Structures are given as structure tokens and as C-alpha cells.
1. Going by the alpha-carbon gyration tensor, a ≥ b ≥ c the square roots of its eigenvalues, is the stretch 259-332 rounded (a/c under 1.5) or, if a/c is not under 1.5, prolate (a/b greater than b/c) versus oblate?
2. When the dipole is taken about the Cα centre of the stretch 122-182, and only Lys, Arg (+1) and Asp, Glu (-1) are charged at their Cβ, what size is it in debye, to the nearest 20?
3. What dipole magnitude, in Debye to the nearest 20, does the stretch 24-177 give about its Cα centre under +1 on Lys/Arg Cβ and -1 on Asp/Glu Cβ?
4. Using Cα centres only, tell me the gap between the stretch 139-193 and the stretch 261-332 in whole Å.
5. What is the gain in length, in nm to one decimal, between Ala331 and Glu96 on full extension, counting 0.36 nm per residue of separation less the C-alpha to C-alpha distance?
6. I want to check the label-to-label distance for Glu319 and Glu301. Put each point 7 Å from Cα in the C-beta direction and report it in nm to one decimal.
7. Explain nothing, just compute: Karplus ³J(HN,Hα) = 6.51 cos²θ - 1.76 cosθ + 1.60, θ = phi - 60°, for every residue of the stretch 89-100 in order, whole Hz, x for Gly and Pro.
8. Give Lys141/Lys211; Lys158/Lys211; Lys79/Lys122; Lys180/Lys201 a once-over and call out the pairs whose C-alpha atoms are over 27 Å from each other.
Amino acid sequence: MMQKFFLLLLLGLSLTGCIHTPGYIYNEGLIYGTVYHIVYESPDGDDLHDQIRDQLDRLNSIFSTFDSSSVISRINNNKPATLDPEFIFCYKRAMEISEITGGAFDITAGSLVNAWGFGPEKKKRMTPGIIDSLKQITGYKKIELSDGKIRKELPGVKLDMSAIAKGYTCDIISGWLNAKGCDNYMVEIGGEVVAQGRNEKGRIWTIGISKPDESSFFATTELQARVRLSGRALATSGNYRNFYVEDGKKFAHTIDPETGYPVQHNLLSATVLAFSCMDADAFATAFMVLGLEESVKISREIPQIDVYFIYSDDQGKTEVYMSDNFKQVLAN
């Protein structure tokens, strides 16, 4: 559904390759078509990147639509697929969040994402007729998990779990680091972040939320806010970075599964703080589909999350809405 580009890690470092500092190790690489950064205090001073990479490669082989042999690609191509426990766990939570958000979060939007040019397939020249046909194979109620298999109402239904799998992968890696005795770490994949403890300077990890700038094609270093993060997860989604212009019209990468079109509203970005990165990732995506008013309403009904929304008012001025508990994690 969406890709996340907007969280800046305020580490004061250039995360390139694998960097060693006393006690802390820095790893980075590629997964799901995006970049990951992992920083941890290794109890024995060992670089754990090879083992971490094994975990990431295994999860990539389950969730990546860019890998034609992955589990999700086999499902999309109607080929036999053995569902790993991780897939089933992530799928079930995706269905729950779809229910909570009235279908704003929908992992069956894969065909729409591809057709609009934001997936692994070639972009189509979109027409109302094409959109109507794609809507017929979109809808989270058109699939079900039965006897360990995904059963589709129509064979053309395609899954895209990128808006929950990156966050879930952050959860998996952070749990693995805990098991290895790492008390201080930060795991970030494509803007989804889990952090625990403190950085190498002895400070609580600080994550920056970029200030929206629709006029720039490159990441801005100007921040809207900074968040102290320890023991929780953070994800930000927005429409001001991943888009294209065609025939003088801007098309953003957030696709509304109900209408079949990229969303157009005044919510510029949605940041979600949660106890699992899976939830933060998925709800941030759903809120960008729903828009400001409905997102505020739903977020108030979910005590496990806190939110920070950047939006444009009627005069075009940038404004912020945040939940009360979110204020407690803002850095001065």
C-alpha cells in the first residue's frame, strides 16, 4: 500500500556498511526494496550481522513482492505455497486492523498498487474502466485463511503486505536481539523503528519526524518534531515524498482500496507510536487513507497507540494534532 520515507534517525552518524565503536555495532543493508539500519550494544562485542541477515533473508522470502519465489508472490500467482507461522501471524493481525479501520487498511490492494506504479509490476495507463475492474479483485473480505491456505474469492486477487511486514520484521529482529542479550538497540526498516534502552552516548534513542515539503523530491533534514523512543515502536506514513506527476497531475502512493484512486486530502503525514511496530506500521498506513477527522476518531478508540498528525488547514497552513500521551515523548 505504502512505503515510508520520513523518519530520520538522529544518531549523528553516517550508517554505511558495518561500523564498530566500543560496545556498539552498526549494520545496514537492503530488504523489501528499502534500506534497514540496525544499531546494538553487543554483549560480547560480536558483530551479529550475518545472523541478522539470515533472519531478514528468511522473512524476505515470505513477504517480499519483489521476490518472485516468495510465499506472497506464490499466493499472488495462484501457485502452491506453504504458509510460515510468521505469515499466518501477520495475516491475522492485518485482518483485525482491516476490521478496525473499516477496510482502510487492506492487504488485497496489491493489484491497485501495481497498476498505479508503486509495486513490482509495470505501471498501467489508468482509466475509470481499469480502476473499476481492479476494484472487483480488491477487498479484504475476498480472502480467507482456511486449512493453512489462503483462499481467494477470485484468482486475480493480489496481496501486498508491505505496510505491515516491515514493522513486523522490526519486531522479529528486536525480539531476536533481546534473546541475544542486547539491552540497547535500534532497529529501523524503511522508516519503521523499534528502540530499546539507550544509544552509545548514554541517551534515550531520538527519532526525528521530517517536516512535510511537497516541493522537494529529496529527503529534507528539517524536522517537525523529535521523539524519545525506548521500549516502543514508531512508524510514519505520508504522501509528500513518494509520488509522480503525469499530465500535470500529482499521484501519491497512498491508494484508497474503496475508491481505487490515490487519496487526496489534507493529512500530510501520520505518525503512530505503539507497543508493536506491526501495529504502528499498519495504523499509520490506514490513517493516511482515512484522512484527519476519521483518523482522530479511530485513534481515540485504541488505547494502545498514540498519534501525531501533520495536516494542512483551510488556509494551507501546516498544523499538528497529537494525542495527549504523545506529548510525553517529545524531545525539547
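Quick note: the coordinates plus some simple rules give every number you see, no bench work behind them. Since this is a predicted model, take the numbers as computed values, not measurements. Cβ: placed from backbone, ideal geometry, glycine included. Neighbour counts: every protein chain shown.
1. Numbers: a/c = 2.01, a/b = 1.22, b/c = 1.65.
It comes out oblate by the Cα gyration axes.
2. Working: 13 positive and 6 negative charges, 77 e Å.
Once rounded to the nearest 20, the dipole reads 380 debye.
3. Values: 18 positive and 21 negative charges, 250 e Å.
It comes to approximately 1200 debye.
4. Taking the Cα centre of each part, the stretch 139-193 and the stretch 261-332 sit 21 Å apart.
5. Numbers: separation 235, 0.36 × 235 = 84.60 nm, distance 3.25 nm.
That pair, Ala331 and Glu96, stretches by 81.3 nm at full extension.
6. So the two model labels end up 2.3 nm from each other.
7. Per residue, the Karplus-derived 3J(HN,Hα) values read 4, 5, 4, 4, 5, 4, 5, 5, 6, 4, 5, 4 Hz.
8. Values: Lys141/Lys211 36 Å; Lys158/Lys211 34 Å; Lys79/Lys122 21 Å; Lys180/Lys201 22 Å.
Distance filter (> 27 Å) returns Lys141/Lys211; Lys158/Lys211.
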